[in-house]
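These notes are about the structure you will find just below.
The values are calculated or read from the model by the stated rules, or taken from the named source; none is laboratory data. Just so you know, these numbers come straight off a predicted model, no measurement behind them. As a convention, Cβ positions derive from the backbone with ideal geometry for all residues, glycine included, and neighbour counts pool all protein chains shown. Surface areas here come from the heavy atoms of the whole protein model, side chains and all, with no ligands, DNA or RNA. Shrake-Rupley method; radii C 1.70, N 1.55, O 1.52, S 1.80 Å.
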Amino acid sequence: MDFSLFPKFFLAANSCEGFVSRFEDCYNINDDISAYIIKGGAGCGKSTLMKYAAAKCRDKGFLPELLLCSSDPDSLDGVFLKDKFVMLDGTLPHPVEPKLTGVSETLLDTGRFLNTAFLRKNAEEIRYISAKNKAEHKTAARYIKAAGEMLKDSFSLQEKFLKRQKALAFADSLYKANLPKKQNRNGKIAYRFLSGITPKGVIFLSSTIEKLSNKQIIISDKNGAAANLILNRILDQAAGSGYDIIAVPSAFFPLSRIEHIIIPELRLAFCTENDYAHLKSDARRIHARRFEENGFSSHRQRLNFNKKAAKELLYCAAATLQKAKQSHDDLEAFYIKAMDFDEYNKYAAKIVGKLL
């Protein structure tokens, strides 16, 4: 089916700070939402089940968030329909364990339809491919971490030349001009990723911003320090505004930087534009250079070297992730052969039929 109409995010990142997952805080057990956690090996129909769920929602007039897999962006890691349900792949490398089984969560086991005797017969080859896949992910992680050192150097250098007070005052003015405060309501912050370092290279899901906002305030900042300072200031203030907010950390540095803020109720987005995130919007760009001291431009040679080195390292990371995807596909082939899809399809239809 065509998934182009759905807003898409990543829920985990192969980042310069290591693998970072937001799966555990995708839902709150105190909220009135049904969480379905899927367990099962490669090729056991987890992504297919979630695609069935998304199709069911669309048929009923809903467009849930599709949560893409950063190791294979053609596959799903989750489906989220606000105030209704979330369905998540709860297996490694982003395991999710239920906290209140039967109350907040339902465990779904797609591995129950496996012919385990067939898998044991091919155990040696399965172990070999699995080890190969892990090794390829580790190699990719080293490339990504090395690229991070280049990008981090440029960020730190820009930070030294920032006119911090000017940037913070500008953030305050943006907040006051665009976020009227709501009364008697606590807003919620949901964390998602809009970029991913994937086997297809660095992907930026710009269409999601276009789907969830009519107005974009765009900060053009190749090195990130000015945009990060401004957006963190806005996020700190917006957290008490009463609006539900989607905060989007950097896929490169998810533990320390914010790149985008989306407020769907206001159809408003604050965005960072850089070498890895381009927007088609014709909105006016706020250029980071207005917040930089004059001496920053004298470091152009160093900045250009960092940019080129990071680009090459990320290219190597993507090529290695492509190898990892191929070995994962080889692993899936064994599990697909071992699956009883007739029984699986009955199970999937029953689960999806109950969703809404």
(message) Tell me whether region 31-41 contains one or more residues that are under 25 Å from E210 (Cβ atoms), small (G, A, S) and in contact (Cβ under 8 Å) with a residue 12 or more places away in the chain.
(response) no
(message) Out of the residues in region 1-16 meeting the condition of being small (G, A, S) and surrounded by 13 or more Cβ atoms within 10 Å (Cβ to Cβ), tell me which one is farthest from the chain's Cα centre (by Cα).
(response) S15
(request) Tell me which residues, restricted to region 100-127, are over 23 Å from the mean Cα position of the chain (by Cα), closer than 30 Å to I33 by Cα and of a type outside the set (A, V, I, L, M). (result) T101, G102, S104, T106, D109, T110, G111, R112, F113
(request) Identify all residues within region 17-34 that are more than 11 Å from the chain's Cα centre (by Cα) and not charged (D, E, K, R); write none if there are none. (result) G18, F19, C26, Y27, N28, I29, N30, I33, S34
(request) Could you please tell me which pairs satisfy a Cβ distance under 7 Å, a separation of 6+ or placement on different chains, a first residue in region 137-164 that is among the acidic types (D, E), and a second residue that is surrounded by 15 or more Cβ atoms within 10 Å (Cβ to Cβ)? (result) D153/N306; E159/A225
(message) Criterion first (modelled with pLDDT under 95, touching a Gly at 6+ places or on another chain (Cβ under 8 Å) and buried (at least 22 other Cβ atoms within 10 Å of the Cβ)) does A238 satisfy it?
(response) yes
(request) Check region 62-71 and report whether any residue there is farther than 23 Å from R22 by Cα, out of contact with any His (no Cβ under 6 Å at 6 or more places or on another chain) and surrounded by fewer than 21 Cβ atoms within 10 Å (Cβ to Cβ). (result) yes
(request) Just need a number here: residues in region 292-328 that are open to solvent by less than 20 Å² (accessible area, probe 1.4 Å) and either touching a Leu at 6+ places or on another chain (Cβ under 9 Å) or not in a helix (DSSP H, G or I) (or both). (result) 3
(request) Identify all residues within region 256-271 that are surrounded by fewer than 24 Cβ atoms within 10 Å (Cβ to Cβ) and of a type in the set (D, E, K, R); write none if there are none. (result) R257, E265, R267
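Within the group E125, E105, which residue is modelled with pLDDT of 90 or more, out of contact with any helix residue (DSSP H, G or I) (no Cβ under 7 Å at 6 or more places or on another chain) and surrounded by 13 or more Cβ atoms within 10 Å (Cβ to Cβ)?
Unique residue meeting the criteria: E105.
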(request) List every residue pair whose Cβ atoms sit under 7 Å apart, with the two residues 6 or more apart in sequence or on different chains, where the first one lies in region 100-125 and is free of Cβ contacts under 8 Å to residues at least 12 places away in the same chain and the second, anywhere, is assigned to a strand (DSSP E or B). (result) T101/L107
(message) Against the conditions (1) open to solvent by 50 Å² or more (accessible area, probe 1.4 Å); (2) of a type outside the set (S, T, N, Q); (3) in contact with a Cys (Cβ under 7 Å, 6 or more places away or on another chain), where does K222 fall short? Just the number, please.
(response) (3)
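Are any of the residues in region 156-168 of a type in the set (K, R), within 22 Å of the chain's Cα centre (by Cα) and either open to solvent by 80 Å² or more (accessible area, probe 1.4 Å) or closer than 30 Å to A310 by Cβ (or both)? Break it down into steps so the answer makes sense when it comes.
Narrowing region 156-168 to residues of a type in the set (K, R): 160, 163-164, 166.
Now narrow it down to the ones that are within 22 Å of the chain's Cα centre (by Cα): none.
No.
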(request) Would you mind stating whether F19 is open to solvent by 20 Å² or more (accessible area, probe 1.4 Å), under 30 Å from L313 (Cα atoms) and outside any loop (DSSP other than H, G, I, E, B)? (result) yes
(request) Check S206 against each of (1) closer than 17 Å to R233 by Cα; (2) of a type outside the set (K, R); (3) open to solvent by less than 30 Å² (accessible area, probe 1.4 Å) and name the one condition it does not meet. (result) (1)
